[in-house]
Amino acid sequence: MTTNTVRKIIHIDMDAFYASVEQRDNPALRGKPVAVGGSRARGVVAAASYEARTFGVRSAMASVTAKKRCPHLIFVPPRFEVYKGVSAQIRRIFDEYTALVEPLSLDEAYLDVTDYRDGNVSATEIAKEIKAKIKADTGLTASAGVSYNKFLAKLASDYRKPDGLYVIKPGQGEAFVEPLSVGQFHGIGRVTAEKMNQLGIHTGADLRRQSEVFLRRHFGKSGGYYYQIARAVDDRPVNPERIRKSSGSENTFEHDLFTPAELEEGLRPLIDDVWDYCTNRRIAGRTVTVKVKFEDFQQITRSKSALSVILDKPFFERLAYGLLESLHPVPKGVRLLGVTLSNLEPLDELEGRQLTLDF
Amino acid sequence: MKFIVSSSVLLKNLSHINGVVATNPIVPILENFLFKIDSNDEGGVLTVTASDLQTTMTTQIPVEATESGAIAIPAKLLLDTLRSLPEQPITFNIDTETFGTQILTDNGRYKLAGENPIDFPKIPAVNKNLSVEISSDALASAINNTVFATSTDDLRPAMTGVYLQLSEDQATFVATDGHRLIRYRRTDIQTSANTSMIIPRKALQLLKSSLPDNLTVRAEFSQSNASFSFGPTQLICRLIDERFPDYENAIPTKNPNVLTIGRTDLLTTLKRIMIYANRTTHQIRLSLKGNALTLSAEDLDYANEANEKLLCDFEGEPMEIGFNAKLLAEMLSNMHAKMISIQMSAPNRAGIMVPADKDENEDILMLVMPVMLNTYA
């Protein structure tokens, strides 16, 4: 296979996964607005059925708000063991088609079917088969997106939800991306989208008009990725090895840093960044890594794992500053600092988890 | 070589130290008791040693003997024999060439294959840096209050023992398994110098079961060993050579939400509620609002649920927090105060249990980490 071969990527995304499982298992819930999550004062919606979504109920919404938008909303406590079981079922279906499966969560995955054993079967037909098998084995519907890279495949699966199948063929990518608002792009979150809007970038077309230099100046390394996706280019491979993501932030300083106070000052906004990212996505990590690049580009990292997921910021800060402190006194100027939180887990899956002391 | 001893006295003394003998020791000789007989003008003394290499216990028993000598005798065989014999003086007849041992009793004679006493490991000497006298009651209470919270996880060896910090004005015993932590302080144990060490769980459990009431225990500590002597008995153990976690920093100091309640009221309610908790997580929920504490549990798999409301004294913002009911019940059972307080800050931070009224000589703090509730975070 040469590098110019057009890849065939499928993105499969279960429709309103947790809520659909609940409706499947309890006929009384079918056709009704259902929210999986806690109904109590501080509860949060983990997933909403399509009936609930028509009322504006969304996942990660406070249960109180959801109830206001949809007063007859039915709250169901989550059963993660069941969801994991269904997830394993669909995973077995994916494995029949390719070894290149990259799960993103319990209910979505990328598949690279470029080298499918029967070259005469199109990726679209494979996606159809997978959808049918999921329906037969689990009674649930999934949406599939087919395209030549991950970015487009994900956009495509979202395009005809629920129970959809959409294909973006080579040559159609740029045109497809053009009219979409930047907030719909995978990898552009709410904060980034707002920042883009302020810069006058609202759609894919607006984004494509920007130079790479401009995007990198405003968005750092991610600017390069935005430049690519505006052109519907995404070379990221489907990575079956990918475990859970990590969340990191780093910064190259205008002047090299030397003193402990300067270093701490430099690390603080990065810690805030990472913490906000995780909090907003309702995930938490267990391992903290601090990265230091010196003026001569020598790079070192130090990491430490807590016994259980880190749930409060002061503990995260203590670990990060502690790692930084272990590097004092620095032998030479520091040009870059970075901090990463890894071994991430969704907070919703932590229920019933015994927390551990901070040492 | 020959000696005569009361069967019941021997049994009682061997039972005290028998806990040390491992069932499948690395060195087979450790399945034996080491008997050492010193004859003197008044008759003689039998010194018995049991060891698992980490912990060694010895005890002394008066016997009638005309010769001195030593022998290693299979511990289980001997104890089983003594347990089934009626009380009487019994005679040990030992062939020092073959180590064959005969026990002569009114009921009959029993022959055991002994072993060469030379093979029995030497008892480590404690080159004492520090010695302190502790009343057996204070020591027993310190062990009882802490040892249950030690970890059994061999991957974190520091936590498999109790951390002992000695200073001029108090002794602090700390145990933790990562989910809970007990800090127990006594002001009636004082030393001339500051020192700290980690004493293995097994040694403390053995000590606990053999400590008599109302006696002075002489504790001696070196860099690598600790020794506890009381009456005719001595326990020597190797210390855990690890750094104990920085426990003081793990105890949160700002805990604005304080629940004060009768200990037995809470415990009896908890025992009823926990029947309905999930069998793997043992999760129960404490809801605090005004002067009411609601305890509830649910097991979604079986659709079981229970809740009870208790009157209490609560200062702070209304809150909900989850705990493992088993841990909480164990802590409450180990507290003795009539009224206890639980200090808390947030549903993902430790709860700290202390007696509402302080005892004169002791100060106890029990910390427990919560279990995540679905409504939080």
How do the pairs read when you match residues in the range A:337-359 that are at the interface with chain B (Cβ under 7 Å from one of its Cβ atoms) and touching a residue at least 12 places away in the same chain (Cβ under 8 Å) with residues anywhere that are part of a strand (DSSP E or B) and hydroxyl-bearing (Ser, Thr, Tyr), using Cβ under 7 Å and keeping only pairs 6 or more apart or on different chains?
-> A:Leu357/B:Thr176
Which of the helices (runs of 4 or more DSSP H) contained wholly in the range A:1-70 include at least 1 residues that are within 14 Å of another protein chain (Cβ to nearest Cβ)?
-> A:17-25, A:63-69
Please specify each residue of the range B:129-163 satisfying the condition of being more than 28 Å from B:Pro370 (Cβ to Cβ) and either part of a strand (DSSP E or B) or of a type in the set (Val, Ile, Thr) (or both).
-> B:Leu130, B:Ser131, B:Val132, B:Glu133, B:Ile134, B:Ser135
Inside the range B:215-254, can you point out the residues that are within 14 Å of another protein chain (Cβ to nearest Cβ) and in contact with a Pro (Cβ under 6 Å, 6 or more places away or on another chain)?
-> B:Glu242
Exactly one of B:Thr96, B:Thr49, B:Thr58, B:Thr101 is touching a residue at least 40 places away in the same chain (Cβ under 8 Å) and more than 34 Å from the chain's Cα centre (by Cα), and that residue is B:Thr96
Kindly indicate the residue of the range A:116-160 that is charged (D, E, K, R) and in contact with a His (Cβ under 8 Å, 6 or more places away or on another chain) and also surrounded by the fewest Cβ atoms within 10 Å (Cβ to Cβ) among those meeting that condition.
-> A:Lys154
Specify which of the listed residues (A:Gly200, A:Gly248, A:Gly223, A:Gly187) is closer than 30 Å to A:Leu323 by Cα and in a loop (DSSP other than H, G, I, E, B).
-> A:Gly187
So, of the residues in the range A:296-312 that are surrounded by fewer than 19 Cβ atoms within 10 Å (Cβ to Cβ) and either touching a residue at least 40 places away in the same chain (Cβ under 8 Å) or of a type in the set (A, V, I, L, M, F, W, C) (or both), which turns out to be farthest from the other protein chains (Cβ to nearest Cβ)?
-> A:Phe297
Is at least one residue of the range B:258-272 more than 29 Å from A:Phe359 (Cβ to Cβ) and within 14 Å of chain A (Cβ to nearest Cβ)?
-> no
Can we say A:Phe316 is surrounded by fewer than 19 Cβ atoms within 10 Å (Cβ to Cβ) and either closer than 22 Å to B:Phe244 by Cα or not assigned by the TED database to the domain that holds A:Lys221 (or both)?
-> no
Report yes if some residue within the range B:164-175 is within 14 Å of another protein chain (Cβ to nearest Cβ), charged (D, E, K, R), in a loop (DSSP other than H, G, I, E, B) and free of Cβ contacts under 8 Å to residues at least 40 places away in the same chain; otherwise report no.
-> no
Filter the range A:50-62 down to the residues that are touching a Lys or Arg at 6+ places or on another chain (Cβ under 7 Å) and without any contact (Cβ under 8 Å) to a residue 40 or more places away in the chain, then identify the one that is surrounded by the fewest Cβ atoms within 10 Å (Cβ to Cβ).
-> A:Gly56
Of the numbered conditions (1) touching a Ser or Thr at 6+ places or on another chain (Cβ under 8 Å); (2) surrounded by fewer than 17 Cβ atoms within 10 Å (Cβ to Cβ), A:Val113 satisfies every one except a single condition; which is it?
-> (2)
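The values are calculated or read from the model by the stated rules, or taken from the named source; none is laboratory data. No experiment lies behind these values; they were computed from the predicted model shown. Cβ atoms come from the backbone with ideal geometry, glycine included; neighbour counts cover every protein chain shown.
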